[in-house]
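Read the figures in this text as sums done on the coordinates, not as results from a lab. Note that the coordinates shown come from a computational prediction; the quantities given were computed from them, not determined experimentally. Neighbour counts are summed over all protein chains in view; Cβ atoms, including those assigned to glycine, are modelled from backbone coordinates with ideal geometry.
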Amino acid sequence: MSAQQADPGAKSAMIWSNALTLLRSNSALTSRQKGWFEGVLPEAVYGTTIILAVENTETQHVLQSELNTQLLQALELANGGVPLFPAFKILAQETPAEDNETLPVNVPEQTPAPRPTQPRKPVTATFPAQPTVSHYDDAVVQTFDDIMPGTTGFPAAETAPATTSPNFVPASFGSTGKQPRIDPATHLNLNDTFDTFVPGDSNRFARTVALAVAEGSGKNFNPLCIYGGSGLGKTHLLNAIGNYALLKQPNTRVLYATSEEFTNEYIDSLRPDKPGSNRIGAFNRKYREVDVLLIDDIQFLGGKKETLEQFFNIFNSLYRAGKRIVIVSDVAPRNLKDFEERMLSRFQQGLTVDVQPPDLETRIAILRMMAASADARIPNDVLDLIAERFTENIRELEGALNRVTALASLNGQPVTRALAEQTLQDFFSVEVELKPTDIIAKVAKYFHLTFDDLVGPGRQKNITLARQIAMYLTRDLTSMSLVNIGQVFGGRDHTTVMHNCKIISDNMQEKQEIYNYVTELTIQLRQRMD
């Protein structure tokens, strides 16, 4: 149990911060109505009750009558889809209750008991009127916490010792342990669903809101902006939204695209038309005639003036039509570089949520999910070791688990804590991050090649192998996104990076030579950082 879950006060602060974010973004509420929530202070959560302290009986009356429905909806959503009921406590008053009548028009920037892991408040603006968030049906509510750390349905490691299959060669570990299955029509990764996304304190609010958008009830969250560091599950959530929307309504028109794909398609549409063709028209139809638009790594559109203008026009067209828009970035919308203010303002009209690095409990649950999906039986003490030592992101966990199982498979050994400690002793996280150019230069030198060989178009076997290993190490040892890695490697597509990393990950399980290459290079790169 996390400290937050054990502390009723901390839990109430987290829930109320999330609820307040939802209420502030609710365009069906007036500025004055939103003001009633600003003086509320959360005190504790006990079971299905949250204790809320208010300034006076008038505030309590308004929250229990006029704003009761909106308050209950926000609390339920902020609590991961589980209903939560307020009990009010009146604070001692030094000012008359009438002061509540002079509420400021603009919502204050700070929330009671703020937490760094909570999403920022969207910019206060005059939004088009939209209906209040509707209640979720029981079936949807039941799916919110179906994969919780410590209560998952994953097989317990102690019930199946590693020695039962010491020569097991697992698939590469990932969100599902399987090769990404990309739908050609929507570009969605069909493996990334809400069922394979492990929630924890660091991401549960983002998952809850994402599910609301996916099932169509989060109309006030449009656009939804999800931000956070690399390897924390943002792309997984983005794909899960699309997959769930199609599951609920198969006729929904969904499109997933990275900023790189959007840019390349737009540039291609500007090429001279063949007789009878209309490239720009086809491009516009593709992106405007959708019900759900999912854009990944939008930060890479920064500075691309014409591409941004085209995206802004598409965004406005979809927004006016009431279509769902979800964008993902590595920073909060207001911190995006080289974006026009009008565009940033649009992004912040909806809801902004962040995803933080997972806590220990969530990291263990993620590792169990990875092991279960690949039918790998890993002892609990091994999962605990990896979760304790690798703390930054899911990508680190995946890489560490992959190394341990690869060595066990190659040597015909059971997976044990001693083996894990031996395998990972040189790979524990360090504070200074490698630069991709350092990795490429080191790999090139190791294979007696040049830097330009690895980033260039060469397809000879020795160059291809070295390039694949360099991509794998860049993904494993840095926080760069797949799109950014592709740009470093000569402007290659992110799917090429994903495919090459998968090849190396798989070969590490089966080929001692590949495992040795990756291990030796990793040690050399780590030593350089010491």
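Hey, how many Å between the Cα centroid of the stretch 474-530 and the Cα centroid of the stretch 189-224?
29
Averaging sequence separations of C-alpha pairs under 8 Å and six or more residues apart, then dividing by the length of the stretch 294-414, give the relative contact order as a whole percent.
Values: 82 pairs, mean separation 24.3, N = 121.
Reported relative contact order: 20 percent.
Can you give the relative contact order of the stretch 3-93 as a percent, counting alpha carbon pairs under 8 Å and 6+ residues apart?
So the answer I get is 32 percent.
For Glu341 and Asp183, what does the FRET efficiency come to when R0 = 25 Å and r is the distance between their Cβ atoms, rounded to the nearest 0.05? Before the final figure, lay out each step's value.
Values: r = 36 Å, r/R0 = 1.43.
Efficiency, from the Cβ-Cβ distance: 0.10.
Once amide H atoms are built 1.01 Å from N in the peptide plane, which residues 5 or more positions from Asn56, or in another chain, come under 5 Å H to H?
Here the answer is Leu91, since their amide H atoms fall under 5 Å of that of Asn56.
List the lysines whose Cα sits under 17 Å from the Cα of Lys34, skipping any in the same chain fewer than 8 residues away.
Leaving aside lysines fewer than 8 places away in the same chain, those within reach of Lys34 are Lys121.
Say the cut-off is 25 Å between C-alpha atoms; which of Lys305/Lys442; Lys304/Lys461; Lys248/Lys323 go over it? Please report the intermediate quantities before stating the final value.
Values: Lys305/Lys442 36 Å; Lys304/Lys461 36 Å; Lys248/Lys323 16 Å.
Pairs exceeding 25 Å: Lys305/Lys442; Lys304/Lys461.
For the stretch 3-93, what is the charge dipole size about the Cα centre, in debye to the nearest 20, if Lys and Arg each add +1 at the Cβ and Asp and Glu each add -1 at the Cβ? Mind dumping the intermediate values first?
Working: 5 positive and 7 negative charges, 30 e Å.
Value, rounded to 20: 140 debye.
For the stretch 219-340, what are Rg and Dmax over the alpha carbons, in angstrom?
Here Rg and the maximum Cα pair distance are 14.7, 46 Å.
Please find the FRET efficiency linking Glu388 to Leu91, where r is the Cβ-Cβ separation and R0 is fixed at 60 Å, and quote it to the nearest 0.05.
Details: r = 42 Å, r/R0 = 0.70.
Once rounded, the FRET efficiency stands at 0.90.
Starting from the stretch 411-496, pick out the trypsin sites (Lys or Arg not before Pro) whose DSSP state is loop and whose Cβ has at most 16 other Cβ atoms within 10 Å. Write out the running numbers ahead of the final one.
Values: sites: Arg417, Lys442, Lys445, Arg459, Lys461, Arg467, Arg475, Arg492; in loops: Arg459, Arg492.
Sparse-neighbourhood loop trypsin sites (Lys or Arg not before Pro): Arg459.
Report the label-to-label distance for Lys286 and Leu270 in nanometres (one decimal), using points 7 Å from each Cα along the Cα→Cβ vector.
1.6
So what's the Cα pair-distance distribution over the stretch 3-93, bin width 5 Å, in %?
3, 15, 27, 27, 18, 7, 2, 0
Rounded to the nearest angstrom and ordered from largest down, what semi-axes does the equivalent ellipsoid of the stretch 436-529 get from its C-alpha gyration tensor (root of 5λ)? Before the final figure, lay out the partial values.
Numbers: eigenvalues 59, 44, 40 Å².
Rounded to whole Å, the semi-axes are 17, 15, 14.
Between Ser65 and Asn278, what length comes free when the chain is fully extended (0.36 nm per residue of separation minus the Cα-Cα distance, one decimal in nm)? Walk me through the numbers before you get to the answer.
On the way: separation 213, 0.36 × 213 = 76.68 nm, distance 5.65 nm.
Working it through step by step, the gained length comes to 71.0 nm.
Add +1 for every Lys or Arg and -1 for every Asp or Glu among the other residues with Cβ under 12 Å from the Cβ of Val355, and state the total.
Details: positive: Arg204, Arg207, Lys234; negative: Asp201, Asp330, Asp354.
For residues surrounding Val355, the net value is 0.
Mean separation of Cα pairs under 8 Å and 6+ residues apart, divided by the residue count of the stretch 436-529: what relative contact order is that in percent? The partial results should precede the final answer.
Working: 89 pairs, mean separation 24.2, N = 94.
Once normalised by length, the contact order is 26 percent.
Taking H placed 1.01 Å from N in the peptide plane, check which residues at least 5 places from Arg253 or on another chain put their amide H under 5 Å from its amide H.
Asp291, Val292
Quick one: Karplus J couplings for the stretch 242-255, per residue in order, coefficients 6.51, -1.76, 1.60, θ = phi - 60°, nearest Hz, x for Gly and Pro?
For the stretch 242-255, the Karplus curve yields x, 5, 6, 4, 6, 5, 6, 9, x, 8, 5, 8, 10, 9 Hz.
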